[in-house]
Amino acid sequence: MTVEEIMQKLEEMGSEQTKKTFINHGASGSLFGVKVGDLKKLVKYVKKDQELALALYETGNSDAMYLAGLSVNPKLMTKETLQRWVAKANWYLLVEYTVASVTAESLYALELAREWMESGEEMIAVAGWSTYANYLSITPDEKLDLEEIRAILMRAETTIHQEKNRVRYVMNGFVISVGAYVTALHEEAIQVAETIGKVHVNMGKTACKVPLAVPYIKKIEERNKIGVKRKTCIC
């Protein structure tokens with residue numbers, strides 16, 4: 001299928017209700033309002049065509065950009081393309097899911113996570129924290145730099161409540177990710193989560209809430225899933 005044919009499909013699949021929901025969550029610009037579950041039905045038409053997936057992202061349409069993230073081969077992504085993706089992502093769904101998950105599975109996961117985490121731009125910093133959190137979920141512990149992760153945990157503990165709005169959300173998510181996926185740092189993550197306590201984030205015109213890290217990690221522990229890695233973080 002061509003870009004034009006995919007865009008026509010997306011327009012047909014969109015709904016005003018879903019579009020309104022996305023806008024309430026912070027979406028802006030071009031979008032049709034296609035549910036993620038429906039986007040996944042189109043992946044089979046895009047997945048084997050890297051150039052088509054990249055072209056969909058360049059349309060600037062939120063639905064097409066999310067579909068691109070579901071369809072690209074992360075291992076073929078260049079650092080320059082990932083930098084362009086993060087600059088083009090204009091709301092948290094694209095940043096925290098599309099950009100972060102693809103980057104986490106790319107060859108530049110840690111390099112870009114570290115760089116983006118230091119950015120003064122909210123959405124780029126969000127991408128950095130979310131990329132690192134996703135990377136933890138798919139990478140064997142023996143390949144992780146535990147000292148670096150411990151230092152980042154300490155940074156979250158001391159700075160989270162002073163950070164920009166959405167950065168607070170993904171920093172909390174990073175603590176959860178360490179507690180859930182990094183066995184050696186599980187207890188330390190819980191201690192950090194206890195110190196942090198409730199994290200306040202403006203979630204816009206939605207009923208969404210910031211998960212409390214300690215009970216979230218504890219639920220995973222009750223299911224005996226601590227340290228169980230995911231095959232992919234792209235979803």
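Comparison of Lys35, Lys40, Lys19 shows that the only residue that is touching a Gly at 6+ places or on another chain (Cβ under 7 Å) and charged (D, E, K, R) is Lys19. Residue count for segment 124-151 under the criterion of being in contact with a Leu (Cβ under 9 Å, 6 or more places away or on another chain) and either within 13 Å of Met171 (Cα to Cα) or not acidic (Asp, Glu) (or both): the result is 10. With respect to Glu5, is the statement that it is closer than 19 Å to Val72 by Cβ and either in contact with a Phe, Trp or Tyr (Cβ under 6 Å, 6 or more places away or on another chain) or surrounded by fewer than 19 Cβ atoms within 10 Å (Cβ to Cβ) (or both) true? Answer is yes for this residue. Inclusion of Lys44 among residues that are more than 18 Å from Leu94 (Cβ to Cβ), over 21 Å from the mean Cα position of the chain (by Cα) and surrounded by 15 or more Cβ atoms within 10 Å (Cβ to Cβ) is not warranted. Whether a residue is of a type in the set (Gly, Ala, Ser), more than 21 Å from the chain's Cα centre (by Cα) and assigned to a helix (DSSP H, G or I) was assessed, and Ala193 does not pass this test.
Evaluation of Asn172 against the conditions (1) over 24 Å from Ala87 (Cα atoms); (2) in contact (Cβ under 8 Å) with a residue 40 or more places away in the chain; (3) open to solvent by less than 60 Å² (accessible area, probe 1.4 Å) shows that the sole unmet condition is (1). Among the residues making up segment 190-226, none is surrounded by 15 or more Cβ atoms within 10 Å (Cβ to Cβ), among the small types (Gly, Ala, Ser) and more than 20 Å from Val126 (Cβ to Cβ). Within segment 196-209, the set of residues being modelled with pLDDT of 95 or more and in a loop (DSSP other than H, G, I, E, B) comprises Gly197, Lys198, Val199, His200, Val201.
Figure legend. Inter-residue proximity from segment 148-162: first residues closer than 14 Å to Gln191 by Cα, second residues open to solvent by 60 Å² or more (accessible area, probe 1.4 Å), beta-carbon distance below 7 Å, spacing 6+ or different chains. Indicated pairs: Glu157/Thr195. Only one of Asn61, Asn73 is open to solvent by less than 10 Å² (accessible area, probe 1.4 Å) and touching a helix residue (DSSP H, G or I) at 6+ places or on another chain (Cβ under 8 Å). Can you tell me which? So the residue among Asn61, Asn73 that is open to solvent by less than 10 Å² (accessible area, probe 1.4 Å) and touching a helix residue (DSSP H, G or I) at 6+ places or on another chain (Cβ under 8 Å) is Asn61. Residues in segment 8-27 that are loosely packed, with under 15 Cβ neighbours inside 10 Å and part of a helix (DSSP H, G or I): 7 in all.
Taken as a whole, segment 28-38 holds no residue that is closer than 26 Å to Arg166 by Cβ, modelled with pLDDT of 95 or more, assigned to a helix (DSSP H, G or I) and open to solvent by 70 Å² or more (accessible area, probe 1.4 Å). Cβ-Cβ contacts under 7 Å between residues 6 or more apart (or on different chains), taken from a first residue in segment 218-232 that is under 11 Å from Ser177 (Cα atoms) to a second residue that is part of a loop (DSSP other than H, G, I, E, B), are listed as Ile220/Ile226; Lys229/Pro140.
Scanning segment 151-198 for residues that are farther than 16 Å from Ile217 by Cβ and either among the basic types (Lys, Arg) or in contact with a His (Cβ under 6 Å, 6 or more places away or on another chain) (or both) yields a count of 4.
Residues checked against (1) at pLDDT below 95; (2) in contact with a helix residue (DSSP H, G or I) (Cβ under 8 Å, 6 or more places away or on another chain); (3) open to solvent by less than 40 Å² (accessible area, probe 1.4 Å):
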residue	(1), (2), (3)
Arg84	no, no, no
Ala109	no, yes, yes
Arg114	no, yes, no
Met117	no, yes, yes
Leu153	no, yes, yes
His161	no, yes, no
Ala184	no, yes, no
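The values are calculated or read from the model by the stated rules, or taken from the named source; none is laboratory data. Since this is a predicted model, take the numbers as computed values, not measurements. Note that each Cβ is placed from the backbone with ideal geometry, even for glycine, and that neighbours are counted across all protein chains shown. Note: areas computed on protein heavy atoms with side chains; ligands, DNA, RNA excluded. Shrake-Rupley method; radii C 1.70, N 1.55, O 1.52, S 1.80 Å.
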